[in-house]
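Trainee: There's a structure below that I have some questions on.
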Amino acid sequence: MKEEIAYTKSINNALRRTRWMKLKYLFVCFFKLSGKNDRNAWLRKNKIFGLFGEGSNYQPHTLPNNPRLVKIHNNVRVAEGVTFYEHDGINDDKDGVFI
């Protein structure tokens with residue numbers, strides 16, 4: 001029982017961290033910074049992705065569920081509308097809600 005409670009707490013904490021990171025990214029995209037280079041600098045500085053290489057450009061206004069599993073190497077351009085699926089969603093099912 002104690003292990004189940006600890007596991008539930010760790011899942012809830014991970015969900016909160018992911019949601020907060022995505023909210024900050026939306027703020028950076030729409031309100032705080034004007035240019036795509038500023039957004040890419042913010043992604044690199046905050047180490048949002050597992051790897052975000054020099055000269056790379058990430059244009060989507062959304063982040064993957066677990067961006068630390070995504071590696072974008074040097075001089076890679078990711079266009080608007082691209083979605084990364086780093087694993088199937090069945091493992092993230094929590095009370096019927098996918099993150």
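Trainee: Pairs, please: C-beta under 9 Å, at least 6 apart or cross-chain, first residue closer than 14 Å to Gln59 by Cβ and in the stretch 20-32, second modelled with pLDDT under 80?
Mentor: From the stretch 20-32, the pairs are Val28/Asp38.
Trainee: Mind checking which pairs have a first residue in the stretch 52-75 that is in a loop (DSSP other than H, G, I, E, B) and a second that is surrounded by fewer than 15 Cβ atoms within 10 Å (Cβ to Cβ) and among the basic types (Lys, Arg), Cβ under 8 Å, 6 or more apart or different chains?
Mentor: Ser56/Arg77; Gln59/Lys36; Gln59/Arg77
Trainee: Looking at Asn75, Asn46, Asn65 in this structure, which one is at pLDDT 80 or above, of a type outside the set (A, V, I, L, M, F, W, C) and surrounded by 15 or more Cβ atoms within 10 Å (Cβ to Cβ)? Explain how you work it out, then say what you get.
Mentor: Working: Asn75 fails: surrounded by 15 or more Cβ atoms within 10 Å (Cβ to Cβ); Asn46 fails: surrounded by 15 or more Cβ atoms within 10 Å (Cβ to Cβ).
Only one candidate qualifies: Asn65.
The values are calculated or read from the model by the stated rules, or taken from the named source; none is laboratory data. Worth saying up front: this structure is predicted, and the values here are computed from it rather than measured. In this analysis, Cβ positions are derived from the backbone assuming ideal geometry, glycine residues included, and neighbour counts consider all displayed protein chains.
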